[in-house]
1. Do you know which of the residues in the range 3-47 that are touching a residue at least 60 places away in the same chain (Cβ under 8 Å), of a type in the set (A, V, I, L, M, F, W, C) and more than 30 Å from Gln251 (Cα to Cα) is nearest to the ligand (Cβ to nearest atom)?
2. Identify the residue in the range 48-77 that is within 13 Å of the ligand (Cβ to nearest atom) and farther than 18 Å from Gly254 by Cα and, among all such residues, is farthest from the chain's Cα centre (by Cα).
3. Every residue in the range 91-127 that is closer than 19 Å to Asp140 by Cβ and open to solvent by 10 Å² or more (accessible area, probe 1.4 Å), please.
4. What do you reckon, is Arg252 in contact with a His (Cβ under 9 Å, 6 or more places away or on another chain), open to solvent by less than 70 Å² (accessible area, probe 1.4 Å) and within 22 Å of Ala19 (Cα to Cα)?
5. Do we find a residue being touching a Pro at 6+ places or on another chain (Cβ under 8 Å), in a helix (DSSP H, G or I) and of a type in the set (A, V, I, L, M, F, W, C) anywhere in the range 132-142?
6. Condition test on Thr238, is it open to solvent by 30 Å² or more (accessible area, probe 1.4 Å), of a type in the set (S, T, N, Q) and more than 30 Å from Asp290 (Cα to Cα)?
7. Against the definition (surrounded by 17 or more Cβ atoms within 10 Å (Cβ to Cβ) and either in contact with a helix residue (DSSP H, G or I) (Cβ under 6 Å, 6 or more places away or on another chain) or at pLDDT below 95 (or both)), how does Gly268 come out, yes or no?
8. Quick check on my filter: what residues within the range 81-106 are under 22 Å from Thr66 (Cβ atoms) and either among the aliphatic types (A, V, I, L, M) or not assigned by TED's automatic domain parsing to the domain that holds Arg50 (or both)?
Amino acid sequence: MKRIGVLTSGGDAPGMNAAVRAVVRMAVYHHLEVIGVMRGYAGLIEGDFRPLSVSAVGDIIHRGGTVLRTARSEEFMVPQGRRAAMEQMHRADMEGLVVIGGDGSFRGAVHLSHLGMPVVGVPGTIDNDIAGTDFTIGFDTAVNTVVDAINKIRDTATSHERVFLVEVMGRRSGAIALMAGIAGGAESILIPEVPVNLDEVVTKIERGRARGKLHSIILVAEGVGSALEIGKGIERRTGLDTRVTILGHIQRGGTPTAFDRMLASRMGSRAVELLMEGATGQMVGIQAQDIVAVDMEEALKEQKRIDYDIYRLAGILAI
Ligand code: ADP
């Protein structure tokens, strides 16, 4: 193997740059050339390539987003588009590809692997919704961003004796809400995996107030429904003032945490080694602190579950 490509695709996540850097540095260490593919599969189809040297990935380990840019490509969803991508890769003498992205990007990667291109995936998404890995790159940073926001909201919630609802990302997964809810000391955490019980939420608020608690913070994953509506429901039942903060895209940005940089460095490096070992259709994961390789198609078939023990713990600690 002499030359490989690397791309970032789908939703961006903090730590993607650290992963790109690790891919390039590990490849160069093994005397491989690396081609950076711009804008994910869109750039792969167009042949929007640029060589990545050791210095090209300098000064990016701490940057959020992705220097390779990212995109969503409709063209890649159909066989013709993927064949065009294969042609571009052959023309550039690419013998393997590292795909950094989420589950959608991996579905695309599996297709390329079936067409004969060795592909290894690196899970990069703030949602932590990919089976086969305990963590995805960007999740820890997003959780820390949410905790930071909760800390600030707590100050004003206490001063005004208000109920605050904080809506966080997670259409299908309550991972961010759960982790940030525990770390931020939220009273209730509403996630799509568990049916909402507003009575329970209200009971917790009232119990807290009876104990002299001045504020309540309720974390709502966006997949549960509108935090504004839930807030109105709470207002109707308790007569208390509620306020809603929708964190939105700030959760995607920012400098990656040390955890995400470390994870990205280990995963990106391993992806290169796997390609050199002849792997294809594999995804790098972390399981119980160990970097592992799992079959990408198998991982995609599985629905990543939240840890219900942790969910129960959240309920106990917010008693
Ligand atoms: P993410 O990787 O963050 O989940 P998307 O779901 O938007 O993001 O996927 C990124 C890109 O991957 C899509 O724009 C498309 O080009 C490609 N892709 C997604 N699903 C498939 C699929 N089933 N077959 C082929 N390509 C796909």
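The values are calculated or read from the model by the stated rules, or taken from the named source; none is laboratory data. This structure is a prediction, so every number in the text was calculated from the model and none was measured. Here the Cβ is made from the backbone with ideal geometry for all residues, glycine too, and neighbour counts use every protein chain on show. For the accessible areas, the whole protein counts, side chains as well, though only heavy atoms, and no ligand, DNA or RNA atoms are used. Shrake-Rupley method; radii C 1.70, N 1.55, O 1.52, S 1.80 Å.
1. Ile4
2. So the residue we want is Glu75.
3. Once the filter is applied, which keeps residues that are closer than 19 Å to Asp140 by Cβ and open to solvent by 10 Å² or more (accessible area, probe 1.4 Å), the range 91-127 yields Gly102, Asp103, Thr125, Asp127.
4. No; evaluated as a whole, the condition is false for this residue.
5. Yes, because at least one residue in the range 132-142 is touching a Pro at 6+ places or on another chain (Cβ under 8 Å), in a helix (DSSP H, G or I) and of a type in the set (A, V, I, L, M, F, W, C).
6. On the way: open to solvent by 30 Å² or more (accessible area, probe 1.4 Å): yes; of a type in the set (S, T, N, Q): yes; more than 30 Å from Asp290 (Cα to Cα): yes.
It is true that Thr238 is open to solvent by 30 Å² or more (accessible area, probe 1.4 Å), of a type in the set (S, T, N, Q) and more than 30 Å from Asp290 (Cα to Cα).
7. yes
8. Ala85, Met89, Ala92, Met94, Leu97, Val98, Val99, Ile100
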